[in-house]
Amino acid sequence: MINLRDKGAEIWENQGRVGRVVLALCGVTVVASLPFLGGTILNTPIADYESVLVYPIAMFVLMAIGLNIVIGKSGLLDLGYVAFFAIGAYTMGLLGTKTGLNTWEILPIGIAMAMFSGIILGIPALKLRGDYLAIITLGFGEIVRIVALNLGALGRSEGILNIPTPPAIFGIEYTFDSHRIYYWTLLVLILLAIWMVRRLSARRAGRAWESIRQDEDAAELLGVPTFRYKIWAFVLGASVGGAAGVFYASKTLFIAPDNFTLQISILILACVVFGGMGNIWGVILGAVILGYLPDRIRFISDARLLVFGLVLVIMMNLRPDGLLPRKKREKTIDKKDAT
Amino acid sequence: MIGSFLDQFWSLTFGGLSLGFIYILIALGYTMVYGVLRMINFANSEIFMVGTFATIIIIRDVFKFTQTSEYATGFRLWLILATALIFAMMVSGTLSMIVEIVAYRRLRRMNSGVLAPLISAIGVSMVLAESVRILTDSRPVASPRAMEKRFIGQFFDAGIRIDNTIIVISALVLFGILMSFVNKTRMGKAIRAVSMNPNAARLMGINIDGVVSATFLVGGLMTGAAGFFYVLKYENTASNIGFELGIAAFTAAILGGIGNIKGAFFGGLALGLLETYASFFLGTQWKAVTVFIVLVLVLYTRPNGLFGEALTQTRA
């Protein structure tokens with residue numbers, strides 16, 4: 001099968017500095033103009049098209065980028081990613097309703113809370129082998145939901161109501177139904193996340209994660225402080241999840257434990273696996289497709305989790321590298337490793 | 001609090017014991033598979049869930065019990081219970097084998113590492129849970145009561161309920177059968193051989209695929225029996241019960257040392273009692289949290305469990 005990822009990389013690498021800037025600007029413009037295409041074939045029959053762009057699509061993309069650091073880059077299976085999303089959202093809910101802080105002030109606090117819980121969970125969990133990590137994170141995701149469901153301070157099953165919208169910046173007002181504004185803000189967050197992941201991947205951290213993913217013992221023997229880099233991957237992934245959570249809460253203005261079930265973790269996992277673990281563009285593509293299709297095709301929207309489960313099984317068995325696989329160079333190392 | 005705990009100690013203990021035996025049977029599903037594949041079978045919890053539905057189908061649809069029917073007695077009662085148990089075991093066992101073929105077999109042949117089979121098993125369990133959810137309209141399903149739940153004895157102040165007694169005795173029998181299957185039969189020997197060293201086992205002419213299938217079948221049979229006992233005790237089920245019970249049973253397996261059959265026995269009992277006592281003090285809504293904390297503590301302090309890892313140690 002043709003490797004779109006390598007084709008794309010080739011075009012990108014053959015450009016000079018100016019060419020790259022132009023390409024990037026074109027890309028951003030196209031993506032930013034998506035809300036204006038509501039009347040076209042892209043329109044979603046079930047939900048409002050522009051709100052679908054915000055949630056699930058843009059939100060899934062952001063979370064998938066975060067989860068990709070953990071699963072794709074460092075090969076750690078985190079099944080409780082929804083926990084960090086929930087922690088960010090509840091931070092926004094609590095501080096937004098109880099204190100006078102606004103969304104932009106809470107955003108760093110929410111990210112810090114998510115990172116902190118990432119450390120708390122990571123220290124015991126990351127000492128263990130991969131499948132134990134999976135089940136511990138799975139449990140953790142559910143525990144966070146149960147705690148939210150049972151603690152009076154977090155509103156129990158009623159959740160938190162009347163969360164404030166973000167305050168206006170540059171004279172642009174955020175209102176409940178101005179989906180475009182939210183979409184563009186999320187786009188900025190996504191670009192920041194992409195930038196962060198790309199910078200890190202090109203440096204020591206990226207090489208350390210890559211070595212951990214391929215062979216943790218060998219990495220440790222070669223002097224890579226694997227535990228520290230695993231914690232790093234985990235915490236960075238958590239930070240993106242937390243940011244998504246803060247923003248989600250100030251978009252929906254109402255959160256309840258039911259918004260943070262295990263299914264979210266699985267959906268995001270499906271996005272990452274479907275698009276191509278480890279390749280950020282693949283992951284984004286996966287999240288866009290899996291976020292969009294259930295709202296475009298009525299049949300899927302009734303059974304979206306069923307379809308996503310099937311996607312996981314089929315992709316793992318037939319095309320484990322995803323739609324847009326990671327770089328060829330990294331893949332050849334995989335192949336050699338497996339034989 | 002302490003006073004009323006002591007008052008209720010024995011009735012809590014009996015409830016905890018029967019819950020513990022349900023955990024043991026599900027934990028055996030995890031442990032058997034782990035023993036041969038060194039892999040957590042994420043779909044086991046949904047195999048249990050399907051087992052509970054299979055039980056209800058027998059009681060409600062085959063023997064036509066409704067919420068207002070009279071209780072069955074005598075031979076008819078035993079016939080119903082036995083049919084439901086065997087049907088649940090067959091359904092879960094078959095399903096477990098299918099799960100192995102769909103989720104694991106191809107990936108095992110490709111030698112694909114740990115991540116891929118885990119994700120593929122999670123996909124399968126998602127598909128199972130969602131299919132049942134759609135079929136049942138996301139509603140919990142109550143099981144009609146076929147058996148009068150009377151007390152058959154008294155121990156200190158606590159009455160011994162008949163369903164708890166049936167669960168404990170039949171689970172003990174099933175456990176005994178499993179132990180002798182693993183220790184005495186030819187297939188059991190093959191399973192132990194594969195769990196010790198798959199490559200050497202293959203060189204000795206053991207059909208690995210057959211052994212893996214048999215292991216999933218046996219694990220599924222035990223898990224299906226757990227589904228029957230669960231319905232007998234709690235009389236309801238839902239498409240999402242697999243998750244909580246699955247995590248608890250997995251914790252039980254870890255507690256005793258995953259891959260170790262005797263470990264699953266003691267881990268299940270310990271967890272069943274612990275969870276029942278903890279629910280008494282903290283309230284049932286924190287049950288899952290207790291289980292999770294036990295899981296983290298065990299994995300952190302004693303990752304091989306109390307009795308050590310590996311199916312190979314079950315040799316008598």
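The values are calculated or read from the model by the stated rules, or taken from the named source; none is laboratory data. The model shown is predicted, which means the values in this text are computed figures rather than measured ones. Virtual Cβ from ideal backbone geometry, glycine too; neighbours counted across all protein chains shown. When the accessible area is computed, the model is the full protein with side chains, heavy atoms only, and any ligands, DNA or RNA have been set aside. Shrake-Rupley method; radii C 1.70, N 1.55, O 1.52, S 1.80 Å.
A few comments on the model shown:
- Test: residue in segment A:189-203 that is open to solvent by 20 Å² or more (accessible area, probe 1.4 Å) and assigned to a loop (DSSP other than H, G, I, E, B): yes
- The criterion of being crowded, with 24+ Cβ neighbours inside 10 Å, within 13 Å of another protein chain (Cβ to nearest Cβ), in a helix (DSSP H, G or I) and small (Gly, Ala, Ser) does not hold for B:Ala226.
Listed here are the residues, each with its yes/no results for (1) more than 14 Å from chain A (Cβ to nearest Cβ); (2) at pLDDT 90 or above.
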| residue | (1), (2) |
| --- | --- |
| B:Thr94 | yes, yes |
| B:Arg108 | no, no |
| B:Ile152 | yes, no |
| B:Ile167 | yes, yes |
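Quick grid of which residues meet (1) within 14 Å of chain B (Cβ to nearest Cβ); (2) more than 20 Å from A:Phe60 (Cα to Cα); (3) open to solvent by 30 Å² or more (accessible area, probe 1.4 Å):
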| position | (1), (2), (3) |
| --- | --- |
| A:Leu133 | yes, yes, no |
| A:Gly141 | yes, no, no |
| A:Ile146 | yes, yes, no |
| A:Ala153 | no, yes, yes |
| A:Gly159 | no, yes, no |
| A:Asn162 | no, yes, yes |
| A:Pro167 | no, yes, yes |
| A:Arg180 | no, no, yes |
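- Verdict on B:Ala103 being open to solvent by less than 20 Å² (accessible area, probe 1.4 Å) and away from chain A (no Cβ under 14 Å): no
- All positions within segment B:260-284 that are within 25 Å of A:Ala134 (Cβ to Cβ) and not hydrophobic (A, V, I, L, M, F, W, C): B:Asn260, B:Gly263, B:Gly267, B:Gly268, B:Gly272, B:Glu275
- For segment A:253-271, the set of residues classified as under 18 Å from the mean Cα position of the chain (by Cα) and either of a type in the set (Phe, Trp, Tyr) or more than 10 Å from chain B (Cβ to nearest Cβ) (or both) consists of A:Asn259, A:Phe260, A:Ile264, A:Ile268, A:Cys271, listed by residue number.
- Scanning segment A:63-107 for residues that are surrounded by fewer than 24 Cβ atoms within 10 Å (Cβ to Cβ), in a helix (DSSP H, G or I) and within 14 Å of chain B (Cβ to nearest Cβ) yields no hits at all.
- Any hit, segment B:255-269, residues being under 15 Å from the mean Cα position of the chain (by Cα), open to solvent by 20 Å² or more (accessible area, probe 1.4 Å) and aromatic (Phe, Trp, Tyr): yes
- Exclusive hit being in contact (Cβ under 8 Å) with a residue 60 or more places away in the chain and either on the phi > 0 side of the Ramachandran plot or within 10 Å of chain A (Cβ to nearest Cβ) (or both), set B:Ile247, B:Ile241: B:Ile247
- Residues in segment A:108-131 that are within 14 Å of chain B (Cβ to nearest Cβ) and either small (Gly, Ala, Ser) or over 19 Å from the mean Cα position of the chain (by Cα) (or both): A:Ser117, A:Ile120, A:Gly122, A:Ile123, A:Pro124, A:Ala125, A:Leu126, A:Lys127, A:Leu128, A:Arg129, A:Gly130, A:Asp131.
- Positions within segment B:110-125 being in contact (Cβ under 8 Å) with a residue 40 or more places away in the chain and facing chain A (nearest Cβ under 7 Å), in sequence order: B:Val114, B:Leu118, B:Ile122, B:Val124
- Residue list for segment B:129-164, restricted to those being in contact (Cβ under 8 Å) with a residue 60 or more places away in the chain and β-branched (Val, Ile, Thr): B:Val132, B:Thr136, B:Val141, B:Ile160
- The sole residue among B:Ser92, B:Ser112 that is among the hydroxyl-bearing types (Ser, Thr, Tyr) and buried (at least 19 other Cβ atoms within 10 Å of the Cβ) is B:Ser92.
- The residues listed here are A:Glu173, A:Glu105, A:Glu142; of these, the one that is at pLDDT 90 or above and in contact with a helix residue (DSSP H, G or I) (Cβ under 9 Å, 6 or more places away or on another chain) is A:Glu105.
- Residues satisfying the stated conditions in segment A:295-308, i.e. open to solvent by less than 60 Å² (accessible area, probe 1.4 Å) and more than 18 Å from the chain's Cα centre (by Cα): A:Asp295, A:Ile300, A:Ser301, A:Ala303, A:Leu306, A:Val307
- Failed item in (1) within 14 Å of chain B (Cβ to nearest Cβ); (2) touching a Leu at 6+ places or on another chain (Cβ under 9 Å); (3) modelled with pLDDT of 85 or more, with A:Arg304 passing the rest: (3)
- Complete set of residues in segment A:120-131 that are open to solvent by 10 Å² or more (accessible area, probe 1.4 Å) and farther than 17 Å from A:Gly245 by Cβ: A:Ile123, A:Pro124, A:Lys127, A:Leu128, A:Arg129, A:Gly130
- Scope segment A:184-238; condition under 30 Å from A:Ile169 (Cβ atoms), free of Cβ contacts under 8 Å to residues at least 40 places away in the same chain and among the aromatic types (Phe, Trp, Tyr); matching residues: A:Trp195
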